[in-house]
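**Student:** After the structure tokens below, expect a handful of questions from me.
The values are calculated or read from the model by the stated rules, or taken from the named source; none is laboratory data. None of the values given here were measured: they were computed from a predicted structure. Please note: Cβ atoms are built from the backbone with ideal geometry, for glycine as well, and neighbour counts cover all protein chains shown. Heavy atoms of the whole protein, side chains included, go into the accessibility calculation; ligands, DNA and RNA do not. Shrake-Rupley method; radii C 1.70, N 1.55, O 1.52, S 1.80 Å.
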Amino acid sequence: TPKPSSAASDVYKRQSIMDVEVTVSMMKFYMEAIQQGEVTLYRGFTYTFDQSASSNSPHPLRLSTTSDGAHGGGSEFTNGVTYSGSPGSNGILTFTVPMDAPDTLYYYCANHASMGGTIQIVSLGSVA
């Protein structure tokens, strides 16, 4: 289960509201122990994807508007994305979801095809 950040009440300062544990097994990303799990994120909020598990070592996590990213003919989505450390030791992908982010993004491995999954981007509140 994703762990709420200790700074969840201080969202306006862009501190992470959810930390997602990322691992790799049999050449597939696991999000919170779910193989290629679908992730739902909210526009305007910040999330961290923790790649510190050793299984991430040759598998840098990336985002794209195209399924399987660069392997699927697309390119890396970088708006609001920062990286620190190295996958497999202290790697962290931090993503502040832009207000104009597309409704669907995809996570993928920069080095290997067919490892990733889908990210649904939603907004808080609505008017009908």
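**Student:** Which condition from (1) closer than 22 Å to Ser25 by Cβ; (2) assigned to a strand (DSSP E or B) is the one that Gly88 breaks?
**Tutor:** Exception for Gly88: condition (2).
**Student:** For region 67-85, which positions are part of a loop (DSSP other than H, G, I, E, B) and not hydroxyl-bearing (Ser, Thr, Tyr)? Lay out the reasoning, then the answer.
**Tutor:** As a first pass, look at region 67-85 and keep what is part of a loop (DSSP other than H, G, I, E, B): 67-68, 73-75, 77-80, 85.
Selection gives Asp68, Gly73, Gly74, Phe77, Asn79, Gly80, Gly85.
**Student:** Tell me which of these Thr65 doesn't satisfy, since it passes every other one: (1) under 19 Å from Val22 (Cα atoms); (2) touching a Phe, Trp or Tyr at 6+ places or on another chain (Cβ under 6 Å).
**Tutor:** Against the list (1) under 19 Å from Val22 (Cα atoms); (2) touching a Phe, Trp or Tyr at 6+ places or on another chain (Cβ under 6 Å), Thr65 comes up short only on (1).
**Student:** Report, by residue number, each residue of region 77-107 that is closer than 20 Å to Glu38 by Cβ and open to solvent by 60 Å² or more (accessible area, probe 1.4 Å).
**Tutor:** Matches in region 77-107: Asp103 only.
**Student:** Can you tell me which residue is farthest from Asn56 (Cα to Cα) among those in region 3-42 that are part of a loop (DSSP other than H, G, I, E, B) and at pLDDT 95 or above? Walk me through it before giving the result.
**Tutor:** Kept after step one, since they are part of a loop (DSSP other than H, G, I, E, B), are these residues of region 3-42: 5-7, 14-15, 26-27, 32-33, 36-38.
Right, trim to at pLDDT 95 or above and you get 26-27, 32-33, 36-38.
Numbers: Met26: 11, Met27: 10, Glu32: 13, Ala33: 13, Gln36: 14, Gly37: 16, Glu38: 18 Å.
Going through the qualifying residues, I end up with Glu38.
**Student:** Now, a different point. List the residue pairs whose Cβ atoms are under 8 Å apart, where the first residue sits in region 77-95 and is farther than 24 Å from Ile121 by Cα and without any contact (Cβ under 8 Å) to a residue 40 or more places away in the chain, the second is in a strand (DSSP E or B) and of a type in the set (A, V, I, L, M), and the two are 6 or more positions apart or on different chains.
**Tutor:** Taking only residues 6 or more apart or on different chains, the pairs are Gly85/Ile92; Pro87/Leu61.
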